[in-house]
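Single-structure report; data block below.
The values are calculated or read from the model by the stated rules, or taken from the named source; none is laboratory data. Given the structure is predicted, the values throughout are model-derived calculations rather than measurements. Neighbour counts run over all protein chains shown; Cβ positions are idealised from the backbone, glycine included.
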Amino acid sequence: MEPVLETQDMIRRFEEFFQREYYSLILEQIRKGQKVLVVDFPKLAINDPDLAEYLLEQPEEAIKGAELALESFDAKGFTTRFIKLPDSSRVMIRNLRSSHLERFLLVEGVVRQKSDVRPQVTSAVFECPSCGHELRVLQLDTKFKEPSKCTCGRKDRFRLLSKELVDAQALTLEEAPEQLEGGEQPKRIRCFLKNDLVSSMSEKKTNPGNRIIVHGIMKEVPVTLRAGGQSTTFDIMLDANSVQTVVEDFTEIVISEEEEAQIKELSKDPKLSAKLVDSVAPGIYGHEKIKEALILQLFGGIRKKRDDGVVTRGDMHVLLVGDPGAAKSQMLKRMSVVAPKARYVTGKTTSGAGMSATVVKDEFLQGWSLEAGALVLANKGHCMIDELDKMTKEDTWAMHEALEQQTVSISKANIQATLSCETSVLAAANPKWGRFDPYDTIGNQINLPTTLINRFDLIFPIKDVPDPKNDERMAHFILELHKNKIVTPSIESALLRKYIAYARQHITPILSDEAVSELQDYFIKMRSQAGASRAIPISARQLEGLVRMSEASAKLRLDKRVTIKDARRAIELLDFCLRQVAFDEKTGTIDIDRIATEIPASQRNKIVLVKEIVIELERTTNKKELSIEEVYKVGQQKGLTQTELDEIIEKLKRSGDIFEPKRGVISRV
């Protein structure tokens, strides 16, 4: 049975409670000019259990009573916001039913959509033209209401004198992925925010992608049919009383003094690097280099904004391309647990709009609103993309801007917006034919757009090659894991998250002269290897990647300076990747074009050679149309095989440089 309290008795009880627990805070808020009092529900429950129960059952009356009680402290126009409701009031969005209507509830979820802040009428004062009587009408529905009739009997054409407006905003709250089971689809609910909940400070809490807890009163919303009448089914909405963010972002993680001392102690450990690598994925055998790269990715480099407005990203992107069963997905899943804020998506079921952002019709406050995709939702966090090669080429184009510029620009249905997505991407893909071909180069087998591949700082090919000694160790490791079920990382996941958050919050290392010199020497040495082959071993993009990795290595030790040791670690990792992915066996050099462009330098040089042969033959024979046999003859003298010549002539035809006017004859365009 619902508790019953007389209004005066309820106000008196609230006055006593505020006098006892919140008197100094009320005075402080009055002094600051902030008309909000945040009340802890557990305190109310200890002081007055009946009043606390009444608040849960009759929230509108209780909150109004609390605000009237505050007037006795000269706190006029104050709003009371209640937090920390008991678990009995916590309801999953999918479990909301008609029995919850007009009850005080606690709902947790992820913000998916957010409308603009707009003024809304709460009450309006009308004047009766017949008798001059003033009538106040509360505006609780979506439709503006006029008085039904006056005391003098008049029923229409009342004059509007004044109206009270508040700022209002609608949110769409969606269930968090880990709360779901099996094939359940995440359910959504609309939340209605008013007054200080939509102030500029509070608005940051409710950005799309943020995980929040909403304390509010569940209300029904009438649904109007197209025919004009009212539907028998009602929609539901949560009228928010207070909003709290669930800590996810590394900038919001609070670290106590004891934890800070523990973190600083850990940073002095001589075996820190090995311990961190061991803690990344303790349930996966081997792959030390990849684990080291993943640790550096968690710490990240420094985001730099120069005076000219150009921003250099600090987030590292890592791509794992490997044979089936090489534990790629396991690594991604483990990283989504360790990272302070993470989103996990898989390629085949993801569209370009789902990755970046899309515009949807807002049924609640009319108009259009933005709905953020995975990369934007993971802002200041990590996005794990599995099966990247299964995404269509058109959908992967949506990621280009997000990976390098770290923004998502959208221009649709009169919305022009640029969303921030400072996100580190860890992606996994399979080779073109499902498994690596040992007789072909790795660069040829990565089935992804070259422009996308080029944006990854590190690319790791993972080959599953039989090796008796290694296989024995791996089998022993996996079987022991199944037998014991317990994997103890060197550093616990909770402490590891706090360590990463602390480093990202407080450490901004600066490059030392020795580190700059080391990176510069490596870059120049690599570039000078090209020689006559005209291959580009390394580009400026890789140099920026080296800087990011060096900074992450310094952050790992909580060091304010990037030392030569950090630079060497970055060089070692990049060199490890380049030697596997971009090594050109024919010339014996590293050629970044093997993965960064469609055509490697050695192939490009042959194309140039064939073009030169065609021009030379035109000049010597004085003919526009040349026999293919003549081109074969000169090409073979210059060391090209007939197969290579056929391939190059076909490529030149496709690119529109030459055409075939009749069979066996070619001509330059």
Which condition number in (1) at pLDDT 75 or above; (2) of a type in the set (Asp, Glu); (3) in a loop (DSSP other than H, G, I, E, B) is the one that ASP464 fails? (1)
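Which of the following residues is aliphatic (A, V, I, L, M) and either in contact with a strand residue (DSSP E or B) (Cβ under 6 Å, 6 or more places away or on another chain) or in a strand (DSSP E or B) (or both): LEU320, LEU276? Full working, then the answer.
Details: LEU276 fails: either in contact with a strand residue (DSSP E or B) (Cβ under 6 Å, 6 or more places away or on another chain) or in a strand (DSSP E or B) (or both).
On inspection, the qualifying residue turns out to be LEU320.
Before we move on, is GLU164 of a type in the set (D, E, K, R), under 30 Å from LEU55 (Cβ atoms) and modelled with pLDDT of 75 or more? Steps first, answer last, please.
Values: of a type in the set (D, E, K, R): yes; under 30 Å from LEU55 (Cβ atoms): yes; modelled with pLDDT of 75 or more: yes.
Criteria met by GLU164.
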If only one of GLU57, GLU102, GLU53 is closer than 30 Å to GLU184 by Cα, of a type outside the set (A, V, I, L, M) and touching a residue at least 40 places away in the same chain (Cβ under 8 Å), which one is it? GLU102
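Every residue, every condition in (1) over 30 Å from VAL360 (Cβ atoms); (2) out of contact with any strand residue (DSSP E or B) (no Cβ under 6 Å at 6 or more places or on another chain); (3) assigned to a helix (DSSP H, G or I); (4) of a type in the set (Ser, Thr, Tyr), yes or no:
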site: ARG20; (1), (2), (3), (4): yes, yes, yes, no
site: SER24; (1), (2), (3), (4): yes, yes, yes, yes
site: LEU27; (1), (2), (3), (4): yes, yes, yes, no
site: ARG31; (1), (2), (3), (4): yes, yes, yes, no
site: LEU44; (1), (2), (3), (4): yes, yes, yes, no
site: ALA52; (1), (2), (3), (4): yes, yes, yes, no
site: LEU56; (1), (2), (3), (4): yes, no, yes, no
site: SER88; (1), (2), (3), (4): yes, yes, yes, yes
Quick one: how many residues across the stretch 283-317 are touching a residue at least 40 places away in the same chain (Cβ under 8 Å) and surrounded by fewer than 17 Cβ atoms within 10 Å (Cβ to Cβ)? 7
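Among SER273, SER329, SER351, SER336, which is within 24 Å of PRO461 (Cβ to Cβ), under 16 Å from the mean Cα position of the chain (by Cα) and hydroxyl-bearing (Ser, Thr, Tyr)? I'd like the intermediate steps shown before the answer.
Numbers: SER273 fails: under 16 Å from the mean Cα position of the chain (by Cα); SER329 fails: under 16 Å from the mean Cα position of the chain (by Cα); SER351 fails: within 24 Å of PRO461 (Cβ to Cβ).
Answer to the check: SER336.
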Here is a list of conditions, (1) modelled with pLDDT of 80 or more; (2) farther than 20 Å from PRO59 by Cβ; (3) surrounded by 13 or more Cβ atoms within 10 Å (Cβ to Cβ), and ALA176 meets all of them except one; can you say which number that is? (1)
Just need a number here: residues in the stretch 290-309 that are touching a strand residue (DSSP E or B) at 6+ places or on another chain (Cβ under 9 Å) and part of a loop (DSSP other than H, G, I, E, B). 5
Here are the criteria: (1) at pLDDT 75 or above; (2) over 17 Å from the mean Cα position of the chain (by Cα). Tell me which single one ASN379 does not satisfy. (2)
Is it the case that ASP566 is modelled with pLDDT under 75 and charged (D, E, K, R)? no
Give the residues of the stretch 608-637 that are in contact (Cβ under 8 Å) with a residue 24 or more places away in the chain and not hydrophobic (A, V, I, L, M, F, W, C), sorted by residue number. LYS611, GLU618, LYS624, GLU625, SER627, GLU629, GLY635
Given the condition within 22 Å of ASN454 (Cα to Cα), touching a Gly at 6+ places or on another chain (Cβ under 9 Å) and at pLDDT 75 or above, answer yes or no: does some residue in the stretch 333-355 qualify? yes
Determine the pairs where a residue that is under 15 Å from ASP559 (Cβ atoms), located within the stretch 257-268, has a partner that is part of a helix (DSSP H, G or I) and modelled with pLDDT of 80 or more with Cβ atoms under 7 Å apart, the partner being 6 or more residues away or on another chain. ILE263/LYS498; ILE263/TYR499; ILE263/TYR502; LEU266/TYR499
Would you pick out the residues in the stretch 571-583 that are in a helix (DSSP H, G or I) and in contact (Cβ under 8 Å) with a residue 60 or more places away in the chain? LEU573, LEU574, PHE576, CYS577, GLN580, VAL581
Identity of the residue in the stretch 37-50, in contact (Cβ under 8 Å) with a residue 40 or more places away in the chain and buried (at least 16 other Cβ atoms within 10 Å of the Cβ), that ends up farthest from ASP239 (Cα to Cα): ALA45
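Of the residues that sit in the stretch 368-417 and are of a type in the set (Val, Ile, Thr) and outside any strand (DSSP E or B), which one is surrounded by the most Cβ atoms within 10 Å (Cβ to Cβ)? First the steps, then the outcome.
Initially, the stretch 368-417 is screened for residues of a type in the set (Val, Ile, Thr), giving 376, 385, 392, 396, 407-408, 410, 415.
Retained after the next criterion (residues that are outside any strand (DSSP E or B)): 376, 392, 396.
Values: VAL376: 26, THR392: 12, THR396: 20.
The residue in question is VAL376.
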